[in-house]
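The values are calculated or read from the model by the stated rules, or taken from the named source; none is laboratory data. What you are looking at is a predicted structure, and each value in this text was computed from that prediction instead of being measured. Cβ coordinates were reconstructed from backbone atoms using ideal geometry, including for glycine residues, and neighbour counts include every protein chain displayed. Note: areas computed on protein heavy atoms with side chains; ligands, DNA, RNA excluded. Shrake-Rupley method; radii C 1.70, N 1.55, O 1.52, S 1.80 Å.
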Amino acid sequence: MTGQRKLHIKSYGCQMNAYDSHRMADILASQGYAETALPEDADLIILNTCHIRAKAAEKVYSELGRVRKLKERAEQDGRRMLIGVAGCVAQAEGEEILRRAPAVDLVFGPQNYHRLPDLVEKAERQSGVIDTEFPVEDKFDMLPAPSPAAVKARGVSAFVTVQEGCDKFCTFCVVPYTRGAETSRPVAKIIAEARQLADAGVREITLIGQNVNAYHGDGLDGRPSTLGRLLHALAATPGVKRLRYTTSHPCDVDDSLVAAHRELPSLTPYLHLPAQSGSDRVLAAMNRRHTRADYLGVIERMRRARPDIAFSSDFIVGFPGESAADFRATLALIDEVGYAGAFSFKYSPRPGTPAADMQAQVDDEIKSERLAELQDLIERHQRRFNAACRGRAFEVLLEKPGRRPGQLVGRSPYLQPVQVDASADRIGEIVTVMIAEIGSNSLFGNLPASTGVSPDLDRTPAAMGA
Ligand code: SF4
């Protein structure tokens, strides 16, 4: 144990990286590191990188150029500063990072951060420490529980990683190479973590995994569980009031997950279910392992189980070989489902993935035109969805101070930010809110006491005119 040192972690990309960054802070807290928001004050800066966007590695190198200047300034002041690169770019680039950015002291992958105390100690003695092997031990067994103070500082909604890696090998995606094969944590350990979080004030838990509904960790009875059964077990955990999960693959939606949506009031009626394309030809080229009809079948089963469920998705436009007719099929799928929101991207090749070498790459100008058209359509659906929320009563978890004094902001079941007049001591409560106004980025609502009515929760279909 050394004296108090300062740690700055800059996290890029998905919720899994956000979760990993918290766990890195937890393990380094046990080594005397306190987090700082100011990189220039830090003794250790970690960039927790993401490989999902175009030119991810180049962006990391230019950020490392900025961080190197901070390190030089610290050295001029007679202070030692270490620089670490973590996450998927670290896993993919490995030694190349040390070669191109010699100011970096340590490089480690997403499966190795439980070894941080040893890696940091080594980096203090020698230059260029690297650890990107997939370890045999389970990193979650080696990580300390976060302190109640750290949990409190992170808010009333928390992520818990339940599954990592992916065996699907979609032809555009680097995840199977950077995060490795699918692994799942045992149910008992996830419940123990959820209990600790709930005891420290967390009210909403989002279960995360690259392919979360492929979850197959050991159940309490020793047999492999499913995500649906895990959700049932967590719903019975005292203090856990609301559950979400992301990101799901259409092929792994089984009956137990559908049953969880039907039977668990604490599971929000909102499902992020990436479609990527509405064309069977493109889905096959992407190796998505499902057709458009399969996807719509999942939507239908979920709607039957939970009529107020809403959906969001991911779409890639301009995948190699995507014709105008394929693109129209994607637009038609968006109209058919009526999404509450979606993320969309132009296809860009990731080195080492099969799609990067495919013939018939689509011209960038066409990709841009298609993306604009698709985003316009998604926005129209999202606006209709939000507009239909006016006058409805939603359960909102009050999370933090809102835009102005006397206001709090929370999330609706559909993840929309909701601004409500309420005092700060109500943070952490789930309250019923009447939605009165729809803004461009938020909904505005009233607590029943201020409306004079006591609304019943609205469970009418979420597709509501979409
Ligand atoms: S299922 Fe998701 S994480 Fe797995 S390869 Fe496909 S896009 Fe990547």
Charge context of residue 179, other residues only, Cβ under 11 angstrom, K/R +1, D/E -1: -4
So for R0 = 22 Å, FRET eff. of residue 328-residue 366 from the Cβ-Cβ r, to 0.05, ends up at 0.95
Of the listed pairs 241/400; 55/346; 189/400; 55/139, those with alpha carbons more than 21 Å apart are 189/400; 55/139
Mind listing the long-range amide H neighbours of residue 35? Cut-off is under 5 Å, sequence gap 5 or more, other chains count too, H placed in the peptide plane at 1.01 Å from N. 7
Of the DSSP beta bridges with both residues in the chain, give the percent that are antiparallel, rounding to the nearest 5. 35
Surface share of carbon and sulfur [accessible, 1.4 angstrom probe, percent] for the chain: 52
Net lengthening on full extension, residue 447/residue 421 (0.36 nm per residue, minus Cα-Cα): 8.6 nm
Using θ = phi - 60° and the Karplus form 6.51 cos²θ - 1.76 cosθ + 1.60, what ³J(HN,Hα) does each residue of region 357-365 get, whole Hz, x for Gly and Pro? 9, 6, 6, 6, 5, 7, 4, 4, 5
Estimated FRET transfer efficiency (residue 438, residue 192; beta-carbon r; R0 45 Å; 0.05): 0.65
Where GluC sites (Glu not before Pro) in DSSP loops with at most 12 other Cβ within 10 Å are excluded, longest remaining stretch of the chain: 138-466
Residue-span extension gain [residue 66 to residue 183] - 0.36 nm each, minus C-alpha spacing: 38.5 nm
When a/c is below 1.5 the answer is rounded, else prolate if a/b is larger than b/c, else oblate, so apply that to region 6-79 with a ≥ b ≥ c taken from the square roots of the Cα gyration tensor eigenvalues. oblate
Sparsely packed trypsin sites (Lys or Arg not before Pro) within region 331-392, loop by DSSP, other Cβ within 10 Å at most 10: none
Taking the C-alpha atoms of region 92-232, how large are the radius of gyration and the largest Cα-Cα span, Dmax, in Å? 17.3, 50
Between residue 317 and residues 5 or more places away or on another chain, which pairs have amide H atoms under 5 Å apart, with H built 1.01 Å from N, and which residues are they? 345, 346, 347
Compute the Cα gyration tensor for the chain, then decide on rounded, prolate or oblate, letting a ≥ b ≥ c be the square roots of its eigenvalues: rounded whenever a/c is under 1.5, prolate when a/b is larger than b/c in the other cases, and oblate in all that remain. oblate
